[in-house]
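Taking it in order: structure first as structure tokens, then the write-up.
Read-outs: derived from the displayed coordinates by stated rules, not from any lab. Since the structure is predicted, the reported quantities are computational estimates derived from the model, not experimental observations.
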Amino acid sequence: MYRRVRLRRSGESYALSLTPAQFELAKRVLVDLYGGSHSSEVVAVVAGDASEGLLELREREVDFRSRSNVEVALSHSDLRALYGALAFAFLNRSSEEAFHNRYGFYSENVQAVGWAICAALQGIGNSMK
């Protein structure tokens with residue numbers, strides 16, 4: 001469930017398609033990283049500046065029961081910021097229990113979404129050769 005995402009180029013940006021659960025996971029990670037619980041230095045190094053569009057995802061609601069994917073338009077830098085936030089969440093865990101209490105998901109789910117984004121980017125890169 002977490003190991004696949006759809007990603008396609010859309011002009012100079014990307015269209016990332018996530019399941020409702022993947023979207024909620026990404027949203028919670030973004031809320032944590034960009035929500036003020038980490039210093040601006042940590043945020044800048046780990047994920048960089050996020051656009052207003054990316055930060056607005058923190059407010060977007062999705063229906064977990066929906067079978068429809070959530071499509072998100074992301075610039076190159078926003079995709080990097082999202083990946084950085086996922087990687088930071090995964091690497092910064094102190095225990096699986098603490099991670100689950102913080103995000104409501106297991107760390108392996110965050111890792112899987114990060115891997116899926118990388119695999120999708122690799123697929124785009126290979127198709128452009």
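For region 5-14, 3J(HN,Hα) computed residue by residue from phi via the Karplus equation (6.51, -1.76, 1.60; θ = phi - 60°) reads 9, 10, 9, 9, 6, 9, x, 8, 10, 10 Hz, glycine and proline entered as x. Rg over Rh for the chain works out to 0.95, using Cα positions for both radii and the Kirkwood form for Rh.
For region 1-75, the equivalent ellipsoid derived from the Cα gyration tensor has semi-axes of 22, 16, 11 Å, listed largest first.
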